[in-house]
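Accompanying notes for the structure given below.
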Amino acid sequence: MENLQSAVDTLIHGANTLFILMGAIMVLAMHAGFAFLEVGTVRQKNQVNALSKIISDFAVSCLAYFFIGYWIAYGAHFFTGAEHLAENNGYALVKFFFLMTFAAAIPAIISGGIAERARFTPQLCASLFIVGLIYPFFEGVVWNGNLGMQDWLQQRFGAGFHDFAGSVVVHAMGGWLALAAVLLLGARRGRYRDGQVVAIPPSNIPFLALGAWILTIGWFGFNVMSAQTIDGISGLVAVNSLMAMVGGIIAALVVGRCDPGFLHNGPLAGLVAVCAGSDVMHPLGALVTGVIAGALFVWTFILTQNRWKIDDVLGVWPLHGLCGAWGGLAAGIFGSKALGGLGGVSIAAQVVGTLGGIVVAFVGGLLVYGLIRAVAGIRLSEEQEFQGADLSIHRIPAVSDD
């Protein structure tokens, strides 16, 4: 019987390790989606820079999270023998890999907002501080119960802050950090002239669409594999993600009047919003969540760019910051039993948790980017911006006529 139990335990640990490893690989692939979404949106003279930022930020994020961030969030570290790390088929290591890909999404989100005029090395420094300190602080509060906030919410409202796959912990955090960076950085030169908006259309719609599709597919690893063990896998999460994605597409198609930029960001808006409550909502609730998110993205993107004159190139604050915040609230609304959900959520707790994430991200972003701007500067010179980041930083264009 002991041998049988040992064999069963080994099988379970192996299956869990494989399960979360597949999720880590799918979320890792999403970073190619971030890259091509940005490449397709920015002007051709900044495409090499977009690709270089995403992959460099990922490497810096991995190191920051391995040495600092994971310890802050979960109190765990890897400064021990490989024998210990390999226990249970190395599940603890692969769990770090999975959660690290979430953490690395934060600089990838910010990258789209500050595109075309941000300096390269200062942005890598910002990523180090954000992934090493700011993001894991809030991640640990929500997903590891640090500082007792979840216990307090449970006692006060009967439920903790529910964010299954990171509508607030990842996406709203990234979007509000990006807003702080964009405000401190300022608009691209020539974007607003004499009070008028100068249109800068996407440079490559096929690349933009490719990025959106890669992100959409990888998102099912982002959401479903957030269960982290195979016994927690739920088809409800998968179908809710699907319905929110479709809702976002339909809303962006209608409200955005067939604009391909809005249309391909529509599924991303729906998926951002459904992350938090994808494990507790009814599919119809997920559909409504996605529809609202898709419309919210289009409306606020237009307001941000045209009326408020905030030059957020990819619209990452509307997409991740606002749709992520909506997702935090939607989990409390559509996750309730009254609207067909599984229950165990509180709208009051969702409001508190969502506002907490916004405050941590925005204040943290102002501190990090404000400090770097004061010490080293965060913006390209006028000549470098005119020439384009590809030539001024990387000394090579995206395409060659030869």
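The values are calculated or read from the model by the stated rules, or taken from the named source; none is laboratory data. Predicted, not measured: the structure shown is a model, and the values here were computed from it. Please note: Cβ atoms are built from the backbone with ideal geometry, for glycine as well, and neighbour counts cover all protein chains shown. Ligands, DNA and RNA are stripped out before the accessible areas are found, and what is left, the full protein with its side chains, is counted by its heavy atoms. Shrake-Rupley method; radii C 1.70, N 1.55, O 1.52, S 1.80 Å.
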Task: Longest to shortest principal axis, alpha-carbon extents of the range 29-79, angstrom - done: 43, 16, 14
- [ ] Return one whole number: the accessible area per residue of the chain in Å², for a 1.4 Å probe.
- [x] 41 Å²
Open item on the list: Relative to 2.2 N^0.38 Å, what does the C-alpha radius of gyration of the range 185-289 come to as a ratio? Two decimals please.
Closed with: 1.32
- [ ] Report, to two decimal places, the Cα Rg of the range 213-268 normalised by 2.2 N^0.38 Å (N = number of residues).
- [x] 1.29
TODO: Would you mind checking the radius of gyration and Dmax of the range 1-138 based on alpha-carbon positions, in Å?
DONE: 18.0, 66
TODO: Would you mind listing how long the chain runs along its three principal axes, going by Cα atoms, in whole Å with the largest first?
DONE: 76, 51, 43
Task: Distance (nanometres) between label positions extended 7 Å along Cα→Cβ at D259 and L355 - done: 3.2 nm
- [ ] Output the relative contact order of the chain, whole-number percent, from Cα pairs under 8 angstrom with separation of 6+ residues.
- [x] 24 percent
Open item on the list: Whole percent per 5 Å bin, from 0 to the bin with the longest distance: what is P(r) over all C-alpha pairs of the range 89-154?
Closed with: 3, 14, 20, 18, 16, 14, 9, 4, 2, 0
Task: In degrees, nearest ten, helix 235-255 long axis to first principal axis of the chain (Cα) - done: 20 degrees
Task: Nitroxide proxy distance, nm - points 7 Å out along Cα→Cβ at S234 and Q154 - done: 1.7 nm
TODO: Give me the lysines in straight-line cross-link reach of K309: C-alpha distance below 28 Å, same-chain residues under 8 apart excluded.
DONE: K45, K53
TODO: Tell me the label-point distance for the pair E383, L85, using the 7 Å Cα-to-Cβ offset, in nm and rounded to one decimal.
DONE: 4.7 nm
Open item on the list: If you roll a 1.4 angstrom probe over the protein chains with everything in place, what fraction of the accessible area of the chain belongs to carbon and sulfur, to the nearest %?
Closed with: 67 percent
Open item on the list: Principal axis extents for the range 262-402, Cα atoms only, whole Å, descending order, please.
Closed with: 60, 39, 28
Task: Rounded to the nearest 10 Å², the accessible area of T101 at probe 1.4 Å - done: 0 Å²
